[in-house]
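Below is one structure, written out as structure tokens; comments come after it.
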Amino acid sequence: MAQSNCTQATEFSLVGFTEEPVTQVYLFLLFLLTYLVTIVGNLGIIILIRASPHLHSPMYHFLGNLAFVDLCFSTIVTPKMLVDLMSQKKSIAYAGCVAQVFLFDFFGMTEYFLLAAMAYDRYVAICHPLLYPLVMSPKCCFQLVTGSYLVGLTNGVAQTISMSTLSFCSSSTIDLFFCDISPLISLSTSDTTLSHIILTTAASLFGVSSTLVVLLSYVAIIATILSINSAEGKRKAFSTCTSHLTTVTIFCGACFFTYLNPSSSSSRGADKWAVVLYTVVTPMLNPLVYSLRNREVKKALKRLLKIK
């Protein structure tokens with residue numbers, strides 16, 4: 001129970017990375033460059049897919065939505081982080097913290113399910129190529145994408161409700177560079193039972209289920225690729241999913257390290273950089289991975305730019 005004489009915090013202080021001015025300038029320039037590449041790369045992917053008829057297929061429909069989610073996901077965190085790196089007072093209002101929690105959990109879970117949908121798409125394409133046009137119909141693609149956003153919305157609303165039940169009296173300092181529900185639960189002075197239940201339930205229902213879809217899809221994909229007799233056939237089949245597998249490994253690996261690794265004072269620094277990996281770096285890497293490793297994307301870009 002919250003204390004009866006508790007004065008609810010109206011803002012939170014963000015610890016960030018360092019208090020060293022020179023290091024802050026270097027980090028500001030690094031993250032600014034990363035964010036600019038993220039904007040250009042993801043907007044470029046979205047425009048390229050819309051402008052190129054050759055990319056109007058289920059795989060690129062998912063990729064376009066992934067680029068949009070990555071752009072939003074990074075924008076929730078990075079601009080505020082850049083402002084704080086150049087400010088002496090690193091703080092965020094309670095209302096802003098609530099909004100950040102909602103949007104972060106909304107787009108974060110949406111990305112999880114989009115990656116799962118893309119894994120299923122690759123499974124059907126490689127394991128059941130003759131059924132692919134029938135299974136991955138425009139209606140099915142629309143349902144998978146819409147379902148991903150709805151699951152993300154459900155998770156965002158659930159975590160926002162979780163935060164609304166918490167009281168913050170004795171301390172309002174978050175040992176991170178943005179508002180996340182996990183450190184807020186640890187910071188709360190009220191009963192956090194409901195918050196833990198919501199967090200655990202969301203992680204179990206949404207996170208575990210999407211991860212299982214990805215794992216089972218790739219088990220079937222690898223088994224199918226290994227059964228192909230020709231080396232060229234194996235190479236072509238594997239090349240269609242390496243970009244997605246790279247994205248999943250980076251994003252999910254960083255998330256698991258952050259949320260499944262027991263926190264301690266000695267590991268907080270590593271935790272912060274793991275969070276940076278999936279909130280700032282991964283949204284930048286995704287368009288680069290898909291553009292550099294995908295022949296169809298490179299060909300579409302050359303057509304759009306009229307390069308021979």
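Right, M59: touching a residue at least 12 places away in the same chain (Cβ under 8 Å), open to solvent by 10 Å² or more (accessible area, probe 1.4 Å) and under 16 Å from L245 (Cα atoms) or not? Yes; evaluated as a whole, the condition is true for this residue. Filtered by the rule that a residue be β-branched (V, I, T) and either open to solvent by 50 Å² or more (accessible area, probe 1.4 Å) or free of Cβ contacts under 8 Å to residues at least 24 places away in the same chain (or both), region 78-102 gives a lone residue, V83. Filtered by the rule that a residue be in contact (Cβ under 8 Å) with a residue 24 or more places away in the chain and under 23 Å from the mean Cα position of the chain (by Cα), region 163-185 gives M163, I174, D175, L176, F177, F178, C179, D180, I181, S182, L184. F238 fulfils the conditions (1) among the hydrophobic types (A, V, I, L, M, F, W, C); (2) more than 25 Å from the chain's Cα centre (by Cα); (3) open to solvent by 50 Å² or more (accessible area, probe 1.4 Å) except for a single criterion, (2).
Evaluating I185 against the criteria (1) closer than 19 Å to I92 by Cα; (2) touching a Pro at 6+ places or on another chain (Cβ under 9 Å) leaves one unmet condition, (2). If I filter region 251-272 for residues that are open to solvent by 10 Å² or more (accessible area, probe 1.4 Å), of a type outside the set (K, R), out of contact with any Phe, Trp or Tyr (no Cβ under 7 Å at 6 or more places or on another chain) and at pLDDT 80 or above, do I get at least one hit? Within region 251-272, not a single residue is open to solvent by 10 Å² or more (accessible area, probe 1.4 Å), of a type outside the set (K, R), out of contact with any Phe, Trp or Tyr (no Cβ under 7 Å at 6 or more places or on another chain) and at pLDDT 80 or above.
Among residues belonging to region 210-238 that are of a type in the set (G, A, S) and touching a residue at least 12 places away in the same chain (Cβ under 8 Å), point out the one that is farthest from S164 (Cα to Cα). If we take residues in region 210-238 being of a type in the set (G, A, S) and touching a residue at least 12 places away in the same chain (Cβ under 8 Å), then A237 is farthest from S164 (Cα to Cα). When F12, F17 are screened for being surrounded by 15 or more Cβ atoms within 10 Å (Cβ to Cβ), touching a residue at least 40 places away in the same chain (Cβ under 8 Å), in contact with a strand residue (DSSP E or B) (Cβ under 6 Å, 6 or more places away or on another chain) and under 30 Å from L166 (Cα atoms), only F12 passes.
The values are calculated or read from the model by the stated rules, or taken from the named source; none is laboratory data. Keep in mind that this is a model prediction, so the values were computed, not measured. Here Cβ is always computed from backbone atoms with ideal geometry, including for glycine, and neighbour counts include all displayed protein chains. Calculation scope for accessible area: heavy atoms of the full protein, side chains included, ligands and nucleic acids excluded. Shrake-Rupley method; radii C 1.70, N 1.55, O 1.52, S 1.80 Å.
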